[in-house]
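Note sheet for the following structure.
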Amino acid sequence: NKVEVYGIGMMKGDGTEWNIEMERSTDKFVSIHGMTDHAAAFAVDACEVHILIDLNGHSKGARLGVLLRRPAPIITAFLGYPSTSGNVDDTMISDLWSTPPETQHLYTEKLVFLPHSYFVNDHRQLYPRPFKDAPRRSDHELPDGRVVMGNFGQLYKVEPRLFQVWSNIVRRTSNSTLWLLKFPKEAVKRLKRAAKKSKLDAERIVVSSLLPIDSHLGIKALADFGLDTVIFNGHTTGADTLWSGLPLVSLLRDLLDYEEVAVRLARNGNAIRSAKAALETAIDTSPFFDTALWAKGFERAWFQMWDAFESSEDAQRFHIRAVSDGLDTEGLDWQPADIMVGTSRHPRSRKGGGGPVHDPLKLAERDDLDTD
């Protein structure tokens, strides 16, 4: 009862159950589909929101032109594009694992650290374990008696250097198979050419069609462990892989180390069983799959962002850690940008100086902005 939730629809509704539920779950839903950026900024500004969440970043469907018109006092990046916006967003929801101290200088945003992971999922509610179905490997052209290593992400994340490492892993383990998805199917021809160039036998790779959404996690559990991508790591698919009960080999040091870890697993059935047993325990006890616990930290972060916004200029330089109460800050490597300003309806606190207060409805008069 302390927060009003507004939904801003940037794309045309598709009438699906998920779309209808998202609209119904908000206090007010506003569609800006078909509006120019300038008109959309009017519509968002009229909602008088304190914090506007950017779920797109630099990805498909983004409306950066709306955000650049500053229709809310705070614009924060969350989830959809886990990297810097480059001075579009003011803050970014993250955690100390996704943005460790040695990388924080790469972000233009003030970072807001959730207590555990910034990534939210509802796997426990949507896909209760154990899974109802018990698929067989033969149903999906997977060989029995072999170690199956899977990656279920989009193939654009697989660059040639990584695919060469995967090929090395398969060649060095005579009992292994690499399992990928036709995601998208247009990439399969190039994938096969790369396999041939790497002298990887075609029968050592299984490329499946996209799996049914209601049973995909149980099917993925047919694999023995997962292989993460490196330049663009698994996001939702990474969480899916873990919830399926598959240990996930991810990059920590370098690709040579990554390859050796995968080879050691593939050659040692006991190591796979041990890793799976440890993961089963973690699934039950880890905060990563505790949605209610995640929500507490997420909600706390909004109030702390607003506290920082209204605080002194010094406080605005700090990153924010979402804690049980009060405002906890850390790091002085962020500097408030002039574009972190208020709107006509939400004037910025003047206590901290910062950028000028302006009305986004008058931005059309500026020569340096595209007004559509």
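The values are calculated or read from the model by the stated rules, or taken from the named source; none is laboratory data. Please read all numbers here as calculations on a predicted model, not as lab measurements. Here the Cβ positions follow ideal geometry from the backbone for every residue, glycine too, while neighbour counts run over all protein chains shown. Heavy atoms of the whole protein, side chains included, go into the accessibility calculation; ligands, DNA and RNA do not. Shrake-Rupley method; radii C 1.70, N 1.55, O 1.52, S 1.80 Å.
Please work out which residue is nearest to L96 (Cα to Cα), limiting yourself to the stretch 124-137 and to residues that are assigned to a helix (DSSP H, G or I) and modelled with pLDDT under 95. Before the answer, list the steps.
We begin by selecting, within the stretch 124-137, every residue assigned to a helix (DSSP H, G or I); these are 124-126, 137.
Still in the running and modelled with pLDDT under 95: 124-126.
Values: R124: 24, Q125: 26, L126: 27 Å.
Filtering first and then ranking leaves R124.
Scanning the stretch 184-197 for residues that are within 22 Å of T241 (Cα to Cα) and open to solvent by 60 Å² or more (accessible area, probe 1.4 Å) yields one hit, K185. Among the residues of the stretch 238-270, the ones that are more than 17 Å from L178 (Cα to Cα) and open to solvent by 30 Å² or more (accessible area, probe 1.4 Å) come to 8 in all. G145 satisfies every condition listed in (1) surrounded by 15 or more Cβ atoms within 10 Å (Cβ to Cβ); (2) on the phi > 0 side of the Ramachandran plot; (3) among the small types (G, A, S) except (1).
Scanning the stretch 10-34 for residues that are open to solvent by less than 70 Å² (accessible area, probe 1.4 Å) and in a strand (DSSP E or B) yields a total of 2. Within the stretch 59-85, the set of residues being farther than 9 Å from E109 by Cβ, part of a loop (DSSP other than H, G, I, E, B) and in contact with a Ser or Thr (Cβ under 7 Å, 6 or more places away or on another chain) comprises R70, P71, A72, P73, G80, Y81, P82. Being modelled with pLDDT of 90 or more and either open to solvent by 10 Å² or more (accessible area, probe 1.4 Å) or among the charged types (D, E, K, R) (or both) is a property that L106 has. Note on the stretch 270-302: residues that are charged (D, E, K, R) and more than 25 Å from F225 (Cβ to Cβ) amount to 3. A41 falls short on exactly one of the conditions (1) over 28 Å from L251 (Cβ atoms); (2) touching a Pro at 6+ places or on another chain (Cβ under 8 Å); (3) open to solvent by 20 Å² or more (accessible area, probe 1.4 Å), and that condition is (3). Taken as a whole, the structure leaves G7 outside the set of residues that are surrounded by 19 or more Cβ atoms within 10 Å (Cβ to Cβ), within 25 Å of S83 (Cβ to Cβ) and touching a Ser or Thr at 6+ places or on another chain (Cβ under 6 Å).
Among the residues of the stretch 1-41, which ones are closer than 19 Å to A62 by Cβ and of a type in the set (A, V, I, L, M, F, W, C)? Quick ask: steps written out before the conclusion?
To start, the set of residues in the stretch 1-41 that are closer than 19 Å to A62 by Cβ comprises 6-14, 19, 22, 30-41.
Of everything in the stretch 1-41, those that are closer than 19 Å to A62 by Cβ and of a type in the set (A, V, I, L, M, F, W, C) turn out to be I8, M10, M11, M22, V30, I32, M35, A39, A40, A41.
Does the stretch 71-78 contain any residue that is surrounded by fewer than 19 Cβ atoms within 10 Å (Cβ to Cβ) and either of a type in the set (S, T, N, Q) or at pLDDT below 95 (or both)? No, the stretch 71-78 has no match at all. What is the residue count in the stretch 167-183 for residues that are open to solvent by less than 30 Å² (accessible area, probe 1.4 Å) and over 20 Å from L265 (Cβ atoms)? Residues in the stretch 167-183 being open to solvent by less than 30 Å² (accessible area, probe 1.4 Å) and over 20 Å from L265 (Cβ atoms): 1 in total. In the stretch 284-311, the residue that is most open to solvent (accessible area, probe 1.4 Å) out of those that are within 20 Å of W97 (Cβ to Cβ) and among the polar types (S, T, N, Q) is T285.
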